[in-house]
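Written below as structure tokens is the structure these notes are about.
Nothing in this text is a laboratory measurement; each read-out follows from the coordinates by a stated rule. Since this is a predicted model, take the numbers as computed values, not measurements. Cβ atoms come from the backbone with ideal geometry, glycine included; neighbour counts cover every protein chain shown.
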Ligand code: FPP
């Protein structure tokens, strides 16, 4: 069987479980989110080293606006400090940063800060790191549909949804024990391999990424077709 790791892949991560991680230790949820941010850097580094070409992280869904204002403020503040702390090292290590999602509802100055980080890292070629923030896959699909015409080819429609030309998701990892997509990359994940790592996100380490990649390498991807092992050559 051919390995699934022979080409650069697009991996996506639903980083779930920050709140429970904190609550179980008697800490405020905000500390779970802070620990969640700390877990990101080694995973991005490991992803780049393992040949992941695009990594999309789900940091704030459009439905997260339903959370208490204090928690929303923490998450907004964390994106600010994350960009402040990481942009320079992204430039040095070849990370191209992109933020997907709406920008018109973010607190003052954040959209400009994102645009500046994207501009500064635009030449990065080692890995394309995409942060999904105020992101809803259904809203993206709807927005693309509103701009389209009846005969728009599927690939072009797909590009309107992704916005930045990112490839389809190959591997989608979710931590935290739930088994759902939560309105994340619905169009792009049509043939994604789903891997669930039963740890809370702040406890996720590069070893767990390796575990997910090993599972991915064992999966046989058929994209609706057949392989020789299925007897593809012997239909009649
Ligand atoms: C889920 O935990 C996590 C999120 C709401 C998004 C992930 C956010 C981070 C890792 C921090 C922000 C990242 C950046 C880059 C600014 P949860 O609160 O749903 O956990 P629970 O299910 O245990 O309550």
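Can you give the angle from 0 to 90° between the axis of helix 40-49 and the longest principal axis of the chain, with both taken from C-alpha atoms, to the nearest 10? That helix lies at roughly 30 degrees to the long axis.
As a length-normalised measure over Cα pairs under 8 Å and 6 or more apart, the relative contact order of the chain settles at 28 percent. For the pair the stretch 162-182 / the stretch 41-57, the C-alpha centres are spaced 14 Å from each other. Once the cut-off is 31 Å, how many percent of the Cα-Cα pairs in the chain end up in the long-distance tail? Across the chain, Cα pairs with separations above 31 Å total 23 percent. Between 90, 157, 216, the Gaussian network model of the chain with springs among Cα atoms under 10 angstrom shows the greatest mean-square fluctuation at 157.
GNM remark for the chain: springs join alpha carbons under 10 Å apart, and the peak mean-square fluctuation among 133, 223, 196 falls on 223.
Full extension of the chain between residue 73 and residue 152 yields a length gain of 24.5 nm, computed as 0.36 nm times the residue separation minus the alpha carbon distance.
Only DSSP H runs of four or more residues enter the estimate; each adds -39500 (n - 2.57), and after division by the residues of the chain the mean residue ellipticity at 222 nm equals -13000 deg cm²/dmol.
Our estimate of slack between residue 143 and residue 49, defined as 0.36 nm per intervening residue step minus the Cα-Cα distance, is 30.4 nm.
Sorted fewest first by neighbouring Cβ atoms within 10 angstrom, 58, 82, 191 come out as 191, 82, 58. Taking the C-alpha atoms only, the angle from helix 29-38 to the longest principal axis of the chain is near 60 degrees.
In percent, rounded to a whole number, the relative contact order of the stretch 63-153 is 33, using alpha-carbon pairs under 8 Å and six or more apart.
So what's the angle, to the nearest 10 degrees on a 0 to 90 scale, between helix 110-121 and the longest Cα principal axis of the chain? That works out to roughly 60 degrees.
Per residue, the average separation of C-alpha pairs within less than 8 Å and at least 6 apart gives the stretch 111-236 a relative contact order of 20 percent.
Potential lengthening of the chain between residue 190 and residue 85 amounts to 34.4 nm, from the contour at 0.36 nm per residue minus the alpha-carbon distance. Build a GNM of the chain with springs between Cα atoms under 10 Å apart, and of 144, 11, 59 the one that fluctuates most is 144. Both radii come from the Cα set of the stretch 116-236: Rg as radius of gyration, Rh as Kirkwood radius; their ratio Rg/Rh reads 1.02.
Per the Kirkwood formula on distinct C-alpha pairs, the Rh of the stretch 43-147 is how many angstrom? With all distinct Cα pairs of the stretch 43-147 included, I get 14.5 Å. Tell me, rounded to the nearest percent, the portion of alpha carbon pairs in the stretch 98-184 spaced more than 18 Å apart. For the stretch 98-184, the share of Cα pairs beyond 18 Å comes to 56 percent.
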